[in-house]
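Take a look at the structure below.
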Amino acid sequence: MLEKRFFRKPKNELEHAGNGQSSRQNQPSVPDDLYVSCPECKQSILKADMEENGFVCPKCSHHFSMTARRRIQILTDAGSFNELFSDLSPTNLLDFPGYDEKLRKAQAESGEQEGVICGTAQIGGYPVALFVMDPGFILGSMGTIVGEKITRLFEYAAAQKLPVIGYTVSGGARMQEGILSLMQMAKTSGAVKLHSDAGLLYITVLTNPTTGGVTASFAMEGDIILAEPKALVAFAGPRVIEQTIRQKLPSGFQRAEFLLEKGFVDAIVHRNDQKSYLTTILKLHQKHCEGKGAM
Amino acid sequence: MANLSLNSVKESYASVKESMKEIMQPYAEKVQPYARVLAARAKNRPTSQSFIAGLTEDFLEFHGDRRFGDDAAIIAGVARINDMPITVIGIEKGITLQESIKRNFGAAHPEGYRKALRLMKQAEKFHRPVLCIVDTSGAYCGIGAEERGQGQAIAENLMEMMTLKTPVISLLIGEGGSGGALALAVADQVWMMENSIYSVISPEGCASILWKDSQKMQEAAEHLKLTAQDLFDMGVVEQIIPESSPKEFSKVYAVLKTMLYDSFQSAMQKPVDELVANRYQRFRQMGIQ
Ligand SMILES: [Zn+2]
């Protein structure tokens with residue numbers, strides 16, 4: 001029953017690659033979706049090469065946005081992912097105008113019920129509880145079901161004595177769910193604390209962009225906080241700040257490298273190194289390191 | 001047609017009034033939440049320092065987060081309610097313009113939230129109750145705030161307050177602006193003044209993001225369900241405190257003081273584990289249908 005969901009391909013992976021940008025102008029003679037234009041080096045790159053390279057530009061290492069489903073596929077040991085709480089799906093709690101349509105559209109486009117996928121898996125042979133947020137689902141916003149799934153995952157991990165690895169990407173709280181979306185910040189933080197007080201490990205990996213209520217809750221609550229290169233990580237996004245202080249922000253402001261310098265991130269890890277990096281962390285948090293492949 | 005009796009005039013007047021009511025009803029409902037927003041932001045509205053003066057004695061203000069600095073947007077210290085020592089922490093917008101500038105109009109920086117947490121931890125150590133008074137349009141959005149980890153500071157408060165081993169009551173007195181308000185509202189009980197609001201985003205911000213029109217704030221205010229009554233109905237707050245006019249707030253303080261004293265007294269009787277477990281459950285059930 002669960003196997004069916006393993007590695008189900010997101011329906012919109014083509015649309016998602018390259019933030020929906022295509023390279024029409026550079027490659028007039030080939031089909032649009034064969035190439036993507038890298039927003040960093042501006043070069044036209046073969047989409048297959050970019051995907052093969054973990055959705056990273058082979059020329060300049062720009063990290064493209066990717067679906068949660070695809071990330072899980074790349075990160076976890078083959079066949080080990082077991083999805084949890086996939087039956088939970090959001091409803092329009094406040095009868096907010098336009099929200100029903102927005103949800104339906106997001107579900108149809110992403111092939112997911114909500115903006116976070118939770119489950120258990122193995123990474124480098126170590127069992128973990130895992131949540132991965134999806135950038136395409138209403139901008140990775142946190143509504144009550146996102147909060148509920150993440151809370152359940154921490155409670156489950158606490159009961160099963162599993163470490164949690166969480167990949168964050170979010171535009172913040174989902175305003176169509178009003179105060180109840182805000183309350184998810186407190187709810188998830190409570191669950192993180194419960195898991196933490198049980199002496200268990202929580203690693204967050206901040207990806208582009210992680211902002212708002214997610215930054216101000218579980219994204220910043222990891223024992224170890226990693227970030228992808230150049231990921232925007234902020235409480236208030238750059239546009240909000242520019243409007244507030246009425247001046248231009250320095251380049252690189254609120255990027256992962258900036259947070260590293262200011263002391264809010266433990267390390268920046270290239271996407272293609274993350275699996276081995278996480279495996280080493282997991283190994284070092286075993287009671288006795290097994291010294292796999294030791295000296 | 002011309003023979004109008006007094007009765008028929010009365011009847012038609014009544015029916016006009018009825019139909020007027022029908023016409024006005026949706027309009028009144030639409031305007032009302034935004035009227036609350038304006039009331040919550042009103043210049044003459046009592047701020048945290050007024051509440052502290054009205055509710056407590058012997059207030060001593062303590063400063064600083066012991067890490068970076070002192071944030072004047074948050075007033076914190078120790079005081080007593082009758083014979084009961086408490087820790088009190090309030091977001092302060094300031095009264096005069098000059099003071100409001102000094103206090104950054106109640107928009108706190110990370111050091112403000114860290115000062116609050118430091119004093120909450122102190123309250124836990126001495127097992128005295130914590131009263132948080134919330135009045136902010138939101139945590140400050142600026143370069144320094146981001147550099148010093150606004151998100152991290154709020155996140156840490158949420159986590160630590162959830163298991164703080166002493167009673168906590170948060171009182172929203174004006175604006176309860178998003179994460180900047182929640183950072184002082186992970187409490188056993190959250191109370192709201194009748195004309196306070198609590199929202200994930202300002203109605204103006206919501207209108208401008210969703211409808212590209214900040215003038216639709218009345219509509220947004222309605223849909224966001226941000227009034228004390230809406231939030232009470234949703235189970236997000238436990239008490240609504242009725243208000244009188246700002247000049248007569250002394251009567252409000254007298255009632256509120258008794259309510260706080262009684263609530264803290266009964267919370268202090270409870271085993272601390274039960275208190276913390278109830279707080280977890282309070283938030284745990286939010287948003288579950
Ligand atoms: Zn590139």
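The values are calculated or read from the model by the stated rules, or taken from the named source; none is laboratory data. From a predicted model like this one, the values you see are computed outputs, not experimental measurements. So basically every Cβ, Gly included, is an ideal-geometry build from the backbone, and we count neighbours across all protein chains shown. Ligands, DNA and RNA are excluded from the accessible area calculation, which covers all protein heavy atoms including side chains. Shrake-Rupley method; radii C 1.70, N 1.55, O 1.52, S 1.80 Å.
Does any residue of segment A:265-276 turn out to be within 14 Å of another protein chain (Cβ to nearest Cβ), in contact with a Gly (Cβ under 9 Å, 6 or more places away or on another chain) and farther than 16 Å from B:G144 by Cβ?
yes
Please work out which residue is least open to solvent (accessible area, probe 1.4 Å), limiting yourself to segment B:261-289 and to residues that are of a type in the set (V, I, T) and under 23 Å from B:P85 (Cβ atoms). I'd like the intermediate steps shown before the answer.
Residues of segment B:261-289 that are of a type in the set (V, I, T), as a first pass: B:272, B:276, B:288.
Add one more test, that the residue is under 23 Å from B:P85 (Cβ atoms), and what stays is B:272, B:276.
Details: B:V272: 43, B:V276: 26 Å².
Filtering first and then ranking leaves B:V276.
Can you list the strands (runs of 3 or more DSSP E) lying wholly within segment B:53-137 that have 2 or more residues being modelled with pLDDT of 95 or more and of a type in the set (D, E, K, R)?
Fully inside segment B:53-137 and qualifying: B:57-61.
I'm trying to understand the selection: among the residues of segment B:48-66, which are among the charged types (D, E, K, R) and either crowded, with 16+ Cβ neighbours inside 10 Å or in contact with an Asp or Glu (Cβ under 7 Å, 6 or more places away or on another chain) (or both)?
Once the filter is applied, which keeps residues that are among the charged types (D, E, K, R) and either crowded, with 16+ Cβ neighbours inside 10 Å or in contact with an Asp or Glu (Cβ under 7 Å, 6 or more places away or on another chain) (or both), segment B:48-66 yields only B:D65.
Among the residues of segment A:223-241, are any at the interface with chain B (Cβ under 8 Å from one of its Cβ atoms), within 24 Å of B:L182 (Cα to Cα) and out of contact with any helix residue (DSSP H, G or I) (no Cβ under 8 Å at 6 or more places or on another chain)?
Checking segment A:223-241: at least one residue is at the interface with chain B (Cβ under 8 Å from one of its Cβ atoms), within 24 Å of B:L182 (Cα to Cα) and out of contact with any helix residue (DSSP H, G or I) (no Cβ under 8 Å at 6 or more places or on another chain).
Find the residue count for segment A:53-73, including only residues that are within 19 Å of the chain's Cα centre (by Cα) and either modelled with pLDDT under 95 or within 14 Å of the ligand (Cβ to nearest atom) (or both). Spell out the reasoning first.
Start the filter on segment A:53-73 by keeping residues that are within 19 Å of the chain's Cα centre (by Cα), which leaves A:53-57, A:61-73.
From what's left, either modelled with pLDDT under 95 or within 14 Å of the ligand (Cβ to nearest atom) (or both): A:53-57, A:61-65.
Residues meeting the conditions: 10.
Condition first: surrounded by fewer than 18 Cβ atoms within 10 Å (Cβ to Cβ) and within 12 Å of another protein chain (Cβ to nearest Cβ). Now tell me which residues in segment B:231-260 satisfy that.
Answer for segment B:231-260, where residues must be surrounded by fewer than 18 Cβ atoms within 10 Å (Cβ to Cβ) and within 12 Å of another protein chain (Cβ to nearest Cβ): B:F232, B:D233, B:M234, B:G235.
So, A:S170, is that one facing another protein chain (nearest Cβ under 9 Å), crowded, with 19+ Cβ neighbours inside 10 Å, at pLDDT 95 or above and out of contact with any Asp or Glu (no Cβ under 6 Å at 6 or more places or on another chain) or not?
No; evaluated as a whole, the condition is false for this residue.
Taking A:K248, is it outside any helix (DSSP H, G or I) and of a type in the set (K, R)?
Taking the combined requirement at face value, the residue satisfies it.
If A:F6 meets every condition in (1) at pLDDT 65 or above; (2) more than 16 Å from the ligand (Cβ to nearest atom) apart from one, which number is that one?
(1)
Looking at A:S80, A:S89, can you tell me which residue is more than 16 Å from the ligand (Cβ to nearest atom), small (G, A, S) and within 14 Å of chain B (Cβ to nearest Cβ)?
On the way: A:S80 fails: within 14 Å of chain B (Cβ to nearest Cβ).
Going through A:S80, A:S89 in turn, just one is more than 16 Å from the ligand (Cβ to nearest atom), small (G, A, S) and within 14 Å of chain B (Cβ to nearest Cβ): A:S89.
Those residues that are more than 7 Å from the ligand (Cβ to nearest atom), within 23 Å of the chain's Cα centre (by Cα), surrounded by fewer than 16 Cβ atoms within 10 Å (Cβ to Cβ) and not small (G, A, S), I need them from segment A:35-52; list them, please.
Listed by number, the residues that qualify are A:P39, A:D49, A:E52.
For segment B:135-151, name all the residues that are buried (at least 24 other Cβ atoms within 10 Å of the Cβ) and polar (S, T, N, Q).
B:T136, B:Q150 - these are the residues of segment B:135-151 that are buried (at least 24 other Cβ atoms within 10 Å of the Cβ) and polar (S, T, N, Q).
Go through segment A:67-106 and count every residue that is hydrophobic (A, V, I, L, M, F, W, C), surrounded by 15 or more Cβ atoms within 10 Å (Cβ to Cβ) and without any contact (Cβ under 8 Å) to a residue 60 or more places away in the chain.
Final tally of qualifying residues: 2.
Which one is surrounded by the most Cβ atoms within 10 Å (Cβ to Cβ), of the residues in segment A:107-128 that are under 21 Å from A:I150 (Cβ atoms) and among the aliphatic types (A, V, I, L, M)?
Top of the filtered list is A:V116.
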